[in-house]
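Trainee: Submitted below is the structure of interest, expressed as structure tokens.
The values are calculated or read from the model by the stated rules, or taken from the named source; none is laboratory data. Computed from a predicted structure; not experimentally measured. As a convention, Cβ positions derive from the backbone with ideal geometry for all residues, glycine included, and neighbour counts pool all protein chains shown.
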Amino acid sequence: MHATIRQFKVTGNMEEVARTIQDGFTPLIERIPGFVSYHWIETGNGRAISVSIFETKFGEEESNRVASEFARKNLTGKVLRTDMQEGPVTAHLRKKNVSIA
């Protein structure tokens, strides 16, 4: 698996930005082959991070391209990316599904 973690300074309304990401961006990356998960995390003081997980390096790279294009078209003046890290996931834990009878 491969991940990208992006850090942001949000200068627009945080709820509006989150809604724009949920309604506009997540459907785009969900279609990228190898998609596993995406998380937008508000960390306080007008800051946020996102975590994208893909099964392949190609998916990770494609999500970065799609994210840059989406931000340019939809979030200019509202969100500034301050840092980005990417790489292979070398350890992880996933909660198993639990069904209730």
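Trainee: List the pairs whose first member sits in the stretch 41-57 and is closer than 16 Å to Asp83 by Cα and of a type in the set (D, E, K, R), whose second member is modelled with pLDDT under 95 and part of a helix (DSSP H, G or I), and whose Cβ atoms are under 7 Å apart, counting only residues at least 6 apart or on separate chains?
Mentor: Glu42/Met14
Trainee: Something else about it: For residues that are within 19 Å of Ser37 (Cα to Cα) and touching a helix residue (DSSP H, G or I) at 6+ places or on another chain (Cβ under 9 Å), scanning just the stretch 70-86, find the one that is surrounded by the most Cβ atoms within 10 Å (Cβ to Cβ).
Mentor: Ala71
Trainee: Look through Ser37, Ser63 and report the one residue that is in contact (Cβ under 8 Å) with a residue 24 or more places away in the chain, out of contact with any Gly (no Cβ under 8 Å at 6 or more places or on another chain) and under 14 Å from Thr4 (Cβ atoms). Before you say what the answer is, go through the steps one by one.
Mentor: Details: Ser37 fails: in contact (Cβ under 8 Å) with a residue 24 or more places away in the chain.
Of the residues listed, the single one that is in contact (Cβ under 8 Å) with a residue 24 or more places away in the chain, out of contact with any Gly (no Cβ under 8 Å at 6 or more places or on another chain) and under 14 Å from Thr4 (Cβ atoms) is Ser63.
Trainee: Considering every residue within the stretch 42-50, establish whether at least one is under 20 Å from His2 (Cβ atoms), surrounded by 10 or more Cβ atoms within 10 Å (Cβ to Cβ) and either polar (S, T, N, Q) or under 14 Å from the mean Cα position of the chain (by Cα) (or both). Can you show your working first?
Mentor: Step one: of the stretch 42-50, the residues under 20 Å from His2 (Cβ atoms) are 49-50.
Imposing the further condition that a residue be surrounded by 10 or more Cβ atoms within 10 Å (Cβ to Cβ) reduces the set to 49-50.
From what's left, either polar (S, T, N, Q) or under 14 Å from the mean Cα position of the chain (by Cα) (or both): 49-50.
Looking for residues that are under 20 Å from His2 (Cβ atoms), surrounded by 10 or more Cβ atoms within 10 Å (Cβ to Cβ) and either polar (S, T, N, Q) or under 14 Å from the mean Cα position of the chain (by Cα) (or both), one finds at least one in the stretch 42-50, hence yes.
Trainee: I would also like to ask the following. Listed residues Phe54, Phe58; which is surrounded by 10 or more Cβ atoms within 10 Å (Cβ to Cβ), under 25 Å from Asp23 (Cβ atoms) and among the aromatic types (Phe, Trp, Tyr)?
Mentor: Residue meeting the stated conditions: Phe54.
Trainee: Right, here's the next one. Taking the stretch 1-19, which residues are β-branched (Val, Ile, Thr) and either free of Cβ contacts under 8 Å to residues at least 40 places away in the same chain or surrounded by fewer than 18 Cβ atoms within 10 Å (Cβ to Cβ) (or both)?
Mentor: Ile5, Thr11
Trainee: Related question: Give, as residue ranges, the strands (runs of 3 or more DSSP E) completely inside the stretch 1-90 that count at least 2 residues that are of a type in the set (Phe, Trp, Tyr).
Mentor: Passing ranges, in order: 35-44.
Trainee: Residue under question is Glu15, and the condition is that it be within 18 Å of Val89 (Cα to Cα) and acidic (Asp, Glu); does it hold?
Mentor: Judged against the criteria, Glu15 is not a match.
Trainee: Given the structure, is Asp23 of a type outside the set (Val, Ile, Thr) and either surrounded by 12 or more Cβ atoms within 10 Å (Cβ to Cβ) or in contact with a strand residue (DSSP E or B) (Cβ under 6 Å, 6 or more places away or on another chain) (or both)? Please lay out each step first, then the result.
Mentor: Numbers: of a type outside the set (Val, Ile, Thr): yes; either surrounded by 12 or more Cβ atoms within 10 Å (Cβ to Cβ) or in contact with a strand residue (DSSP E or B) (Cβ under 6 Å, 6 or more places away or on another chain) (or both): no.
No; evaluated as a whole, the condition is false for this residue.
Trainee: Sticking with this one: Which of the residues spanning the stretch 1-48 are under 17 Å from Glu61 (Cβ atoms) and aromatic (Phe, Trp, Tyr)?
Mentor: Within the stretch 1-48, Phe25, Phe35, Tyr38 meet the criteria.
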